[in-house]
Amino acid sequence: MSGIKSYKELFIWQKGIKIVVLVYKLTKSFPKEEIYALTSQLKRASVSIPSNIAEGFGRQTDKSFNHFLNISRGSLNEIETQLIIAKELEFISDDNLFNEIMFLIEEESKMINAFSKNLKD
């Protein structure tokens, strides 16, 4: 990670922030009774992605950073699953936004995998 001064320079962190913003936009249209259920869960899991990347970066060891990247990857899987559930329950009406988030999740997962592999090598 030589040359990187801040976690904010990491594309995986930047893409994580993008996912958070889009998840918040998407959940605005969810039923009000879901505010403490699926909506809350999706928001927390999305915020977890860039937060864990930032925390891992701050630990300043590759092993520790990898641990936090694994947590971020788990949160991505959690969001993907919850979005599929929300789609099945017909909470999602904006197919374009749904597809954009799903695409970003796939991209982010690949980027985290590659970044993690680089840390191990």
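Structure data summary
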| read-out | value |
| --- | --- |
| Label corresponding to Rg and Dmax of the Cα atoms in Å when calculated from the structure given, among (1) 13.3, 38; (2) 14.9, 47; (3) 14.5, 44 | (2) |
| Listed residues 53, 19, 85, most fluctuating in the chain (Gaussian network, C-alpha, under 10 Å) | 85 |
| Within a Gaussian network of the chain (alpha carbon springs, distance under 10 Å), most fluctuating of 109, 93, 46 | 93 |
| Partners for residue 117 among aspartates and glutamates (Cα-Cα distance below 19 Å; same-chain residues under 8 apart left out) | 9, 55, 62, 106, 107, 108 |
| Links that overshoot a 31 Å alpha carbon limit, given the list 87/120; 32/110; 18/120 | 87/120; 32/110 |
| Highest-fluctuation residue, 88, 78, 107 considered, GNM on the chain with Cα pairs under 10 Å | 88 |
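Every number in this text was worked out from the coordinates using simple rules, so none of it is lab data. Remember, predicted model here, so these are calculated numbers, not experimental data.
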